[in-house]
Amino acid sequence: MAVCYGVVIANALLGGQCLKAMYLVVQPNGEMKLFEFVIIFGCLLLVLAQFPSFHSLRYINSLSLLLCLLYSASAAAASIYIGKKSNAPEKDYTIVGDKETRVFGIFNAMAIIATTYGNGIIPEIQATISAPVKGKMMKGLCMCYLVVIMTFFTVAITGYWAFGNKANGLIFTNFLNAETNHYFVPTWFIFLVNLFTVLQLSAVAVVYLQPINDILESVISDPTKKEFSIRNVIPRLVVRSLFVVMATIVAAMLPFFGDVNSLLGAFGFIPLDFVLPVVFFNFTFKPSKKSFIFWINTVIAVVFSCLGVIAMVAAVRQIIIDANTYKLFADV
């Protein structure tokens, strides 16, 4: 539940950043701050969060997949285009910082990777609630990692190739030439690709809100009443709205997208993706303690548990560093 909520917060922040980028295309000298755009994105989530179930989100999920493919292809194509321009930013692939910063940066990066490439685990788990479990889980895994390879991998590789160690967590921000304050690509392209991202992020946030909603509504709802009865609608509306408002406030207060991703990976996705599955396998199927599968699972659980703890320390350290640099509701 905490992991799902963390994803909602991260999406609210990233959605606000994309809205701000769209605003600056239209109003280059605009004075609106990042937290205002986070609030606007939160208002969109407030409406979408009222969808009653996962089943009612099926069309939004399909749209989300299409948008993910569109903006990933756009980001990759733009990175390649910019990287080949004569006035392209200088590419520097060295790792910056002192030894301590580099070491913590490695673990920080591992946690971010776990979040980025492992965030499909929650919907996959949710899909196994009803039978048949095995078939749906396999289909979900195959689809998840196919999309990851087509989208995130492509953007990561092309973005790093084009911008080196200057590549930002939101790659679209690299499309602005810092020296001339002009974009390397047409402004309509910047507006459109950020629009794709905003719409996709809103869909993802709603999907990750749904497990939280299901848990809470199993407590506050009256199963003897109809789903859309006043008795069930009012508590659902209040609870869902409250959670969206809280996520929006946190996102506006702490606008450190990379740091949030890192903490999510260390706290949530590393255990969910690498530790708990092998532990549950050993407990469920009880392989012999002399067998290879038992010990390889044990080693994986121990290694990634240690990695998760170290990554959590690295994530908290980075948040503290950034908190000293930026103030609450910072316009970054």
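The values are calculated or read from the model by the stated rules, or taken from the named source; none is laboratory data. All values derive from a computational prediction rather than experimental measurement. Here Cβ is always computed from backbone atoms with ideal geometry, including for glycine, and neighbour counts include all displayed protein chains.
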Requested in this report: Starting from residues that are assigned to a helix (DSSP H, G or I) and charged (D, E, K, R), keep the ones in segment 213-244 and report whichever is nearest to Leu34 (Cα to Cα).
Outcome: Arg240
Report task. For Phe41, state whether it is without any contact (Cβ under 8 Å) to a residue 24 or more places away in the chain, surrounded by 15 or more Cβ atoms within 10 Å (Cβ to Cβ) and not charged (D, E, K, R). Result -> no
**Report entry** segment 69-92: number of residues that are touching a helix residue (DSSP H, G or I) at 6+ places or on another chain (Cβ under 7 Å) and closer than 21 Å to Phe152 by Cα
**Finding:** 13
Query raised in the report: Do you know which residues across segment 245-258 are over 18 Å from Lys33 (Cβ atoms) and either crowded, with 24+ Cβ neighbours inside 10 Å or aromatic (Phe, Trp, Tyr) (or both)?
Result: Ala247
**Report entry** Scope segment 67-86; condition modelled with pLDDT of 85 or more and surrounded by fewer than 19 Cβ atoms within 10 Å (Cβ to Cβ); matching residues
**Finding:** Leu69, Leu70, Ala73, Ala77, Ile80, Tyr81, Gly83, Lys84, Lys85
Query raised in the report: Which fully enclosed helices (runs of 4 or more DSSP H) of segment 257-331 have 3 or more residues being under 22 Å from Tyr5 (Cβ atoms), of a type in the set (A, V, I, L, M, F, W, C) and at pLDDT below 85?
Result: 257-264, 292-325
Query raised in the report: Only one of these conditions is not met by Val239: (1) over 17 Å from Val206 (Cβ atoms); (2) at pLDDT 80 or above; (3) not hydroxyl-bearing (Ser, Thr, Tyr). Which number is it?
Result: (1)
Query raised in the report: Of all residues in segment 275-294, how many are over 24 Å from Ala109 (Cα atoms) and either surrounded by 14 or more Cβ atoms within 10 Å (Cβ to Cβ) or of a type in the set (Lys, Arg) (or both)?
Result: 8
